[in-house]
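Report on one structure; see the data block that follows.
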Amino acid sequence: MTAATETEVASSGSTIAALRESLCSEKTPLPVRFRALFSLKHLARQSTGAESIAAIEAIAAAFASPSALLKHELAYCLGQTGNNAAVPHLTAVLEDLEEDPMCRHEAAEALGALGDAQSLDVLHRFRDRAGEDVVVTETCEIAIDRIEWENSEQRKQEKLRQSDFASVDPAPPMPEDNKSVEELEKALMDTELPLFKRYRAMFALRDLASPPDLPTAVPAVQALSKGFADPSALFRHEIAFVFGQLSHPASIPALTAALSNLEEASMVRHEAAEALGSLGDEEGVEETLLRFLHDKEVVVRESVIVALDMAEYEKSDQAEYALIPEVTGTA
């Protein structure tokens, strides 16, 4: 190893250590912890070897936090690393029956995103566990289908549209076969279909809404908005997540309605708040978020704090919402 390489490694190690300290400290403001997390996700995904492992270990260390919002985001980010070193950490969260179901669901989804066939056993176990929270059951079902698809001949034969989004999603978009918005909406809302197939329609509609000036963009957003009427809280929360990715102004009324509905599941309302944060430069959004800064649900309150920070970022000239540059593309 050359002296220059040794210096680079030491510098990277000190960066990860500093980010880990920010992420894991309960004294650090939540928005700063989120920025540290996204920076560590970048390092875990872009680095190799010991540096990537150190970033994954730094993220996993924050599972000791009492914040369900933060822990659910930790699990999501671990699923985005593409590194199976995250699997034991995610498995431990899924297996912890004392953990918040929102965190356990995110851990199961992240296992699906990593695509390791060895995770199928634990996913089957919790999908079939008697008395399991429905959000965890449904997520395990989707994750199983995703891993099986990932390792199938069908995947090799499918032609998928190039997405504008860099994220590893719970399900791939439907194959590129020129399905119309109307056809995709029909699949999206068909509760007789497996959730995995409905999610594929969801992400196909997302891709038809980006870039926002596509002729299909507004109709696709309107079709996705109808998903907020679905009986599954998991499904509704994923609609809000997709709207956060899109940051399309046409989604603001549906997101505002979801956040404002005090009877809605907190996992849906929190996701709606964060999605509105990505639209923070749009008129009236910040005022809407401020109304829920003291919501009775902790996860909603915390999401509003992070969303308001995101809104400030949207109005600023900062290059990326992180302490160090994020990956190119939408995550």
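Return yes when P219 is in contact (Cβ under 8 Å) with a residue 24 or more places away in the chain, surrounded by fewer than 24 Cβ atoms within 10 Å (Cβ to Cβ) and not in a helix (DSSP H, G or I) and no when it is not. No; evaluated as a whole, the condition is false for this residue.
Condition first: surrounded by fewer than 18 Cβ atoms within 10 Å (Cβ to Cβ) and touching a residue at least 40 places away in the same chain (Cβ under 8 Å). Now tell me which residues in segment 189-216 satisfy that.
Residues satisfying the conditions are M189, T191, P194, P211.
Looking only at residues in segment 145-172 that are closer than 24 Å to Y76 by Cα, open to solvent by 50 Å² or more (accessible area, probe 1.4 Å) and of a type in the set (K, R), which one is modelled with the lowest pLDDT? Once the filter is applied, the top-ranked residue is R161. Taken over segment 226-259, the criterion of being over 21 Å from E314 (Cβ atoms) and of a type outside the set (A, V, I, L, M, F, W, C) is satisfied by K226, G227, D230, P231, S232, R236, H237, E238. Among all positions in segment 91-102, there is at least one residue which is open to solvent by 50 Å² or more (accessible area, probe 1.4 Å), within 28 Å of S52 (Cα to Cα), in a loop (DSSP other than H, G, I, E, B) and in contact with a helix residue (DSSP H, G or I) (Cβ under 8 Å, 6 or more places away or on another chain). Considering segment 9-42, the residues that are surrounded by 13 or more Cβ atoms within 10 Å (Cβ to Cβ) and modelled with pLDDT under 80 include one that is farthest from L74 (Cα to Cα), namely V9.
Taking the stated definitions as given, is D177 buried (at least 17 other Cβ atoms within 10 Å of the Cβ) and outside any helix (DSSP H, G or I)?
Criteria not met by D177.
Taken residue by residue, segment 56-65 has no member that is within 20 Å of the chain's Cα centre (by Cα), within 20 Å of P170 (Cα to Cα) and in a loop (DSSP other than H, G, I, E, B).
Just so you know, in segment 268-301 the residues that are of a type in the set (G, A, S) and in a loop (DSSP other than H, G, I, E, B) include one that is farthest from M102 (Cα to Cα), and it is G284.
Could you list, ordered by first residue, the pairs with Cβ atoms under 6 Å in which the first is in segment 273-286 and over 13 Å from L259 (Cβ atoms) and the second is surrounded by fewer than 19 Cβ atoms within 10 Å (Cβ to Cβ) and of a type in the set (G, A, S), at least 6 apart or interchain? Qualifying pairs under 6 Å: none.
Inside segment 107-136, residues that are open to solvent by 40 Å² or more (accessible area, probe 1.4 Å) and part of a helix (DSSP H, G or I) make up a count of 7. Q46 meets each of the listed conditions (1) of a type outside the set (F, W, Y); (2) over 21 Å from the mean Cα position of the chain (by Cα); (3) more than 21 Å from E106 (Cβ to Cβ) apart from (2).
Pairing residues of segment 111-125 that are under 20 Å from P172 (Cα atoms) with residues that are surrounded by 23 or more Cβ atoms within 10 Å (Cβ to Cβ) and aliphatic (A, V, I, L, M), at Cβ distances under 6 Å and at least 6 apart in sequence or on separate chains, gives L111/L90; L111/A143; G112/A143; S119/L111; L123/A143. Within segment 228-243, the set of residues being crowded, with 22+ Cβ neighbours inside 10 Å and closer than 18 Å to S210 by Cα comprises E238, I239, A240, V242, F243.
The values are calculated or read from the model by the stated rules, or taken from the named source; none is laboratory data. Please read these numbers as outputs of a predicted model, since none were measured by experiment. Glycine also receives a Cβ, built like all others from the backbone with ideal geometry; neighbour counts cover every protein chain displayed. When the accessible area is computed, the model is the full protein with side chains, heavy atoms only, and any ligands, DNA or RNA have been set aside. Shrake-Rupley method; radii C 1.70, N 1.55, O 1.52, S 1.80 Å.
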